[in-house]
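The structure appears right after this line, and notes come after that.
Values in this text are rule-based calculations from the coordinates and carry no lab data. Everything numeric in this text was worked out from a predicted model, so none of it was measured. Every residue, glycine as well, gets a Cβ built from its backbone with ideal geometry; the counts of neighbours run over all protein chains shown.
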Amino acid sequence: MTDYLMNTWYMGGWGHEITDQPISRRLLGVNTMFYRKTDGSVVALRDRCPHRFAPLSKGKIINDQVQCPYDGLVFDSTGQCVANPITSDTRIPEAVRVQRFPVLEQANIVWFWPGDPARCDSALIPQFPYLADVENYKHVYGLTPVKAHFEIETDNLMDLSHVDMLHPAFAGAFNKSSKYTAGRNGNTVFSHWHTTNTRNTAFLEYGPFPTHGAPVDQWLEMYWQPPGAMFLEVIVTKTGEPRSAGYSTKNVHILTPETEHSTNYFWSGALNSEDQVPLEVFREGFNNAFEFEDKPMIEAVAAEMGEETNLLAMKPLLLRSDGGSVLARRVLAELIARERSEDAGSAVAAE
Ligand code: FES
Ligand SMILES: [Fe+2]
């Protein structure tokens, strides 16, 4: 069974998905509901009424409170039951409550904290400042559900050597000059490719950076933060030009487990504000790659693995280009082990 890192931030959704009408999303195996209060803040509650386990997300939001659609108990935005409309007994025990998750919204990302609320720390939220920069960038957003353990999706993103095989629109970026480096800074893992004198990708040639057949140099730089937040910057120049003169595209890839065997894969790409490419065409290019090229391959890998979720436990062949994904798995395993030993320590202290 998957042992999740609990005292950390996971992405629950894009900010624009959350309105005053509740949505339900299965996250780390738990149905979780999100809605937006009249003051604009986001609420995250377990999507399960404590009475008969009805999904609260199918209920009504009235004055920022949610009424269970089954027998009508009303819960406030902290999860506390505040009314029972079908009895004259107005006493509501304080223990009648729904689990509430700490939640924070930054740069159109809604983060929630599934672990101990007392340990929740906003300073730990991964930062993607370019997502908030709507002056210099035009953003596209997506969510691709994938039937695979989230670390299998991490493997895919931390090893972009699959791009030439799997993504025709992005192919051509690698050649015999391609150099790979991976490493770790604290809990951040990087996975970088640098290629010189290669052909421009169709995505850039017919998109925001046409070179009209001139060869290009490319830097492909992925950064991972636990448990599954990745930032990719791709910089392309005409061959020989300095990196600082290059065209840069930035995107984020954030993975939140849905269950042990399925993942919410959130992604976003950005065009520079002066780019003339229609945003919808740009979005389709991304969606096509993730939904119709990566996803079937990742799901086929997961199906082959069956019940096993840890690829390394199955002793796969490891290539040099797996350096980043192996490091990411290692960091996450370390953090989970540390969290479990802290849990054990506090359990002993409480005895
Ligand atoms: S199931 Fe919600 S009030 Fe009964
Ligand atoms: Fe891919």
## Note on the structure
Given (1) hydrophobic (A, V, I, L, M, F, W, C); (2) over 30 Å from L131 (Cβ atoms); (3) in contact (Cβ under 8 Å) with a residue 40 or more places away in the chain, F101 misses just (2)
### Message
So in the stretch 66-94, with the set limited to residues that are within 13 Å of ligand 1 (Cβ to nearest atom) and not in a loop (DSSP other than H, G, I, E, B), which one is surrounded by the most Cβ atoms within 10 Å (Cβ to Cβ)?
### Response
V66
### Summary
Restricting attention to the stretch 103-129, the residues that are in contact with a Phe, Trp or Tyr (Cβ under 8 Å, 6 or more places away or on another chain) and either within 11 Å of Y10 (Cβ to Cβ) or aliphatic (A, V, I, L, M) (or both) number exactly 12
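Could you list, in sequence order, all residues of the stretch 290-327 that are among the basic types (K, R) and under 27 Å from E221 (Cβ atoms)?
Filtering the stretch 290-327 down to residues among the basic types (K, R) leaves 295, 315, 320.
Selection gives K295, R320.
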### Task
Identify all residues within the stretch 286-308 that are farther than 18 Å from I254 by Cα, crowded, with 17+ Cβ neighbours inside 10 Å and among the small types (G, A, S); write none if there are none.
A302
### Message
Out of the residues in the stretch 27-53 meeting the condition of being within 24 Å of H261 (Cα to Cα) and either within 12 Å of ligand 1 (Cβ to nearest atom) or of a type in the set (S, T, Y) (or both), tell me which one is surrounded by the fewest Cβ atoms within 10 Å (Cβ to Cβ).
### Response
F53
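Do any strands (runs of 3 or more DSSP E) lying entirely in the stretch 225-285 carry at least 2 residues that are free of Cβ contacts under 8 Å to residues at least 60 places away in the same chain and more than 15 Å from T154 (Cα to Cα), and which ones are they?
On the way: elements: 229-238, 247-259, 262-272.
Here the list reads 229-238, 247-259.
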## Note on the structure
S122 meets each of (1) under 19 Å from N7 (Cβ atoms); (2) within 16 Å of ligand 1 (Cβ to nearest atom) with one exception, condition (2)
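Quickly run through the stretch 149-208 and pick out the residues that are part of a loop (DSSP other than H, G, I, E, B), of a type in the set (G, A, S) and touching a strand residue (DSSP E or B) at 6+ places or on another chain (Cβ under 7 Å).
Start the filter on the stretch 149-208 by keeping residues that are part of a loop (DSSP other than H, G, I, E, B), which leaves 149, 159, 167, 171-178, 186-187, 199-201, 206-208.
Filter once more, keeping what is of a type in the set (G, A, S): 171-173, 177-178, 186, 207.
Across the stretch 149-208, the qualifying residues are G172, A173, S177, S178.
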